[in-house]
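To start, the structure under review is shown below, and the notes come after it.
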Amino acid sequence: SAEKRNVMKTGVLWHEVVTQVHKDRYADVTLEHILADNCAMQLVRAPKQFDVIVTDNLFGDVLSDEAAMATGSLGMLPSASLGAADESGKRPAMYEPVHGSAPDIAGQNKANPIATIASFAMCLRYSFDQGALADQVEKAIADVLDQGIRTGDIAQEGCKTVGTREMGDAVIASLNRGS
């Protein structure tokens with residue numbers, strides 16, 4: 001749980017509520033508190049130490065943008081906002097790329113569609129209980145990247161740089177080959 005309880009009253013409240021909710025409902029889950037600025041540093045230093053980071057929207061925006069650079073781009077990160085499950089086990093959910101809709105490059109064939117496609121894989125996994133299909137989608141993404149195909153935001157020397165449509169087509173083609 002990341003917050004700034006040392007300088008923000010909202011951080012104090014966040015710390016108290018997370019601690020109480022953990023104690024009351026999730027005692028079987030390991031909880032560690034970290035100041036948000038230290039969390040940012042730790043994300044750069046050793047990102048694999050984190051499994052899940054729980055934080056408010058402000059720090060979530062900052063930390064997710066920073067974490068995105070570990071993958072090379074915001075265009076690589078899916079996200080999910082999952083509500084509480086009802087008595088049938090269903091939960092409201094919203095899936096989207098971390099970067100949102102990227103309106104500054106809309107319609108220019110520049111956006112990296114991988115985060116959108118990976119968000120769909122998360123939807124398959126968490127809302128439709130289709131883990132095997134989600135694995136196939138994620139494998140298709142990995143296969144395309146292994147082939148050296150890149151959008152401009154993650155382009156590297158020696159790789160083939162493509163636009164949004166071509167990247168999406170490449171993932172679909174890889175998915176079709178794998179099925």
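The values are calculated or read from the model by the stated rules, or taken from the named source; none is laboratory data. Because the structure is a prediction, the values reported are computed rather than measured. No Cβ is skipped: glycine too gets one built from the backbone with ideal geometry, and neighbour counts run over all protein chains shown. For accessibility, only protein heavy atoms count, side chains too; no ligands or nucleic acids. Shrake-Rupley method; radii C 1.70, N 1.55, O 1.52, S 1.80 Å.
Details
- Probe 1.4 Å, protein heavy atoms only - accessible area per residue of the chain in square angstrom: 63 Å²
- Of the DSSP H helices in the chain, none is both long (alpha-carbon extent of 20 Å or more along the helix axis) and hydrophobic (Kyte-Doolittle mean at least 1.0).
- The translational diffusion coefficient of segment 53-129, from Stokes-Einstein at 10 °C and 1.306 mPa s with a Kirkwood hydrodynamic radius over alpha carbon pairs, comes to 117 µm²/s.
- Summary value for segment 95-179: 30 percent relative contact order, contacts being C-alpha pairs under 8 angstrom separated by 6+ residues.
- For segment 6-86, the Kirkwood hydrodynamic radius comes to 14.2 Å, computed from all pairs of different C-alpha atoms.
- Taking 26 Å as the limit for the C-alpha separation, the pairs Lys48/Lys160; Lys48/Lys139; Lys4/Lys110; Lys4/Lys48; Lys139/Lys160; Lys23/Lys90 exceed it in the case of Lys48/Lys160; Lys4/Lys110.
- A cut-off under 13 angstrom between Cβ atoms defines the neighbours of Ser119, and their net charge, with Lys, Arg +1 and Asp, Glu -1, is -1.
- Within the accessible area of the chain (1.4 Å probe), percent carbon and sulfur: 56 percent
- Computed over protein heavy atoms with a 1.4 angstrom probe, the accessible surface ordering of Lys9, Lys110, largest first, is Lys9, Lys110.
- Separation of the Asp104 and Gln20 label points, Cα + 7 Å toward Cβ, nm: 4.0 nm
- Segment 1-48: C-alpha gyration tensor shape, a/c 1.5 cut-off, then a/b vs b/c: oblate
- Rg ratio for the chain: its Cα radius of gyration over 2.2 N^0.38 Å, N being its residue count, equals 1.16.
- The residues neighbouring Asp129, those whose beta-carbon lies less than 12 Å from its own, together hold a net charge of +3 under the Lys/Arg +1, Asp/Glu -1 convention.
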